[in-house]
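The values are calculated or read from the model by the stated rules, or taken from the named source; none is laboratory data. Model, not experiment: these values are computed from the prediction. Here Cβ is always computed from backbone atoms with ideal geometry, including for glycine, and neighbour counts include all displayed protein chains. Each accessible area value is taken on the protein alone, full model and side chains, heavy atoms only, with ligands, DNA and RNA left out. Shrake-Rupley method; radii C 1.70, N 1.55, O 1.52, S 1.80 Å.
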Amino acid sequence: MCEIRERIRRICKEKNAIILAHYYTRAEVQEVADFIGDSLALAQQAARTDADIILMCGVHFMAETCKMLCMDRKVLIPVLSAGCSLADSCNANELHLWREQHPEYKVVSYVNTTIDVKALSNICVTSGNALKIIQSFPKEEKLLFCPDRNLGSYINSVTGREMELWNGGCHVHGRFSVQALKTLKDKHPEARVMAHPECGKDILALADTIGSTAAILKAVGEAENSSVEEFIIATEPGILYELRKSYPDRTFFTIPRLDSVICNECEHMKLCTLENILSTLENETPEITLDASLAKQAVRPILRMLELSK
Ligand code: 13P
Ligand code: SF4
């Protein structure tokens, strides 16, 4: 393990490569990365890096977003097929039809989307900036929001807007067991519940804090000086690596899925391993390649988002 980590770090130095990793990846992947973050921070980091090679440890839409922001750089991902059920839940042809049926509406798309969907969007959001960006639109502006119905209805409930929502969702966040959460809360009545807005409304209704992975980490940090010692985390358990590292004296619980025989992890995020990071860096493949004119169109809503997130 130690040797492979050293080889990865050595090759990064030789090739001026940077490793970006999402909080849901394996602990050993987060450990070897140069930068760990939520979707927003990963996009911001991609936009500002001067590395020649960017290796994205995450899922495909993250590497694709990164490439759109760095078309002159080599963007690698250890497993090209690392998908996302949320991104898969929105097909560009259907979105095109939806947009045609609502000509007076603007399209806001979550960053968990394909390049084709982004190309049809007016602006992108992540869970880290969705509220701020939606609130930047005049109240009377009509909005279509895709693809996550849970994040969309959470924003509607907080802002009082009535965005039309696409009926998409994440298979991980959509299946946390409300009953298991209630049982955990009964056992640990002092615990704070931190939930990702991709969770269903029954889970969100029981949460003390709702936010992106980075917002959850920040909220736990803010509770550091209080008497709260236990936290129930309603998101993908990969985030426990950073939580336990940053707050070793706190206790964290995650929520099992409804069908508790299957674990509550995002299998796509776990595809990235130290072994495939090393071979990807050595061979400089798999590489993300994009059609230049499509990328030019699809990067616009991302740049608008980054501008409003400053
Ligand atoms: P974050 O933007 O909070 O990192 O979430 C990304 C994601 O895929 C959540 O499932
Ligand atoms: Fe996509 Fe869900 Fe995995 Fe996040 S947790 S990458 S939304 S499938």
**OP:** Per residue, how big is the convex hull around the C-alpha atoms of the stretch 49-168? Give it to me in cubic angstrom, could you?
**Re:** 112
Original post:
With every protein chain left in place, what is the accessible area of Y110 in Å² (1.4 Å probe, nearest 10)?
Top reply: 10
Original post:
Over the chain, what percent of the accessible surface lies on carbon and sulfur atoms, probe 1.4 Å?
Top reply: 48
Subject >> Karplus 3J(HN,Hα) series, Hz, for the stretch 149-157 with 6.51 cos²θ - 1.76 cosθ + 1.60 (x for Gly, Pro) >> reply: 5, 5, 4, x, 6, 5, 5, 4, 5
Original post:
Of K67/K201; K187/K218; K74/K245; K182/K310; K106/K182; K185/K218, which ones are farther than 29 Å apart at the Cα?
Top reply: K67/K201; K74/K245; K182/K310; K106/K182
Subject >> Alpha carbon convex hull of the stretch 144-254, volume per residue in cubic angstrom >> reply: 99
**OP:** Taking only protein heavy atoms into account and a 1.4 Å probe, give the accessible area per residue of the chain in Å².
**Re:** 44
Subject >> Mean separation of Cα contacts under 8 Å, 6 or more apart, over the residue count of the stretch 120-230: relative contact order % >> reply: 23
Original post:
How much length, in nm to one decimal, is gained on full extension between S136 and K106, taken as 0.36 nm per residue of separation minus their Cα-Cα distance?
Top reply: 9.5 nm
Original post:
Quick one: length gained pulling L240 to S81 fully straight, 0.36 nm per residue minus the C-alpha distance?
Top reply: 54.8 nm
Original post:
Cα gyration tensor of the stretch 81-146, axes a ≥ b ≥ c as square roots of the eigenvalues: rounded (a/c below 1.5), prolate (a/b > b/c) or oblate?
Top reply: oblate
Subject >> In nm, spacing of pseudo-spin labels at D291 and R10 (7 Å Cα→C-beta vector) >> reply: 4.3
Original post:
Which residues' amide hydrogens lie under 5 Å from the amide hydrogen of K74, considering only partners 5 or more residues apart or on another chain, with H built in the peptide plane?
Top reply: I54
Original post:
Normalised by the number of residues in the stretch 65-173, what is the relative contact order in percent for Cα pairs under 8 Å and 6+ residues apart?
Top reply: 26
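Rounded, prolate or oblate, given the Cα gyration tensor of the stretch 200-310, with a/c below 1.5 counting as rounded?
Details: a/c = 1.93, a/b = 1.50, b/c = 1.28.
Prolate shape, in that a/c is at least 1.5 and a/b is the bigger ratio.
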Original post:
Residue-wise, which Karplus ³J(HN,Hα) couplings in Hz belong to the stretch 189-196, taking 6.51 cos²θ - 1.76 cosθ + 1.60, θ = phi - 60°, and x for glycine or proline?
Top reply: x, 8, 5, 8, 9, 10, 10, 7
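At most 16 other Cβ atoms within 10 Å and a DSSP loop assignment: could you name the trypsin sites (Lys or Arg not before Pro) in the stretch 86-149 that fit?
K139, K142
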**OP:** Quick one: which residues, 5 or more positions from F35 or on another chain, have an amide H under 5 Å from its amide H? H modelled 1.01 Å from N in the peptide plane, none for Pro or chain starts.
**Re:** I19, A21
Subject >> Normalised alpha carbon radius of gyration of the stretch 204-245 [divisor 2.2 N^0.38 Å] >> reply: 1.10
Original post:
Rounded to the nearest 5, what % of the DSSP beta bridges within the chain are antiparallel ones?
Top reply: 5
Original post:
Dipole magnitude of the chain about its Cα centre, charges +1 at Lys/Arg Cβ and -1 at Asp/Glu Cβ only, in debye to the nearest 20?
Top reply: 400
Original post:
With charges only on Cβ, +1 for K and R and -1 for D and E, what is the dipole size of the stretch 59-159 about its Cα centre, in debye, rounded to 20?
Top reply: 280
**OP:** Rounded to the nearest 0.05, what FRET efficiency do E190 and H96 give with R0 = 41 Å and r taken as the Cβ-Cβ distance? Could you check?
**Re:** 0.25
Subject >> Packing-based order for 29-42, 210-223, using average beta carbon neighbours within 10 Å, highest first >> reply: 29-42, 210-223
**OP:** Be a star and scan the stretch 230-251 for residues whose amide nitrogen sits under 20 Å from the point 7 Å along the Cα-to-Cβ vector of K182.
**Re:** 232-235
**OP:** Would you work out the relative contact order for the chain, in percent, from Cα pairs under 8 angstrom that are 6 or more residues apart?
**Re:** 23
Original post:
So what's the back-of-envelope 222 nm ellipticity for the chain, counting only DSSP H runs of four-plus at -39500 (n - 2.57) apiece and dividing by all residues, rounded to 500?
Top reply: -12500 deg cm²/dmol
**OP:** Using a 1.4 Å probe and ignoring any ligands, DNA or RNA, find the accessible area of D208 and quote it in Å² to the nearest 10.
**Re:** 90
Original post:
Direction-averaged shadow area of the convex hull around the Cα atoms of the chain, nm²?
Top reply: 16.3
Original post:
If one computes the Cα centroid of the stretch 1-56 and of the stretch 231-310, what distance in Å separates the two points?
Top reply: 12
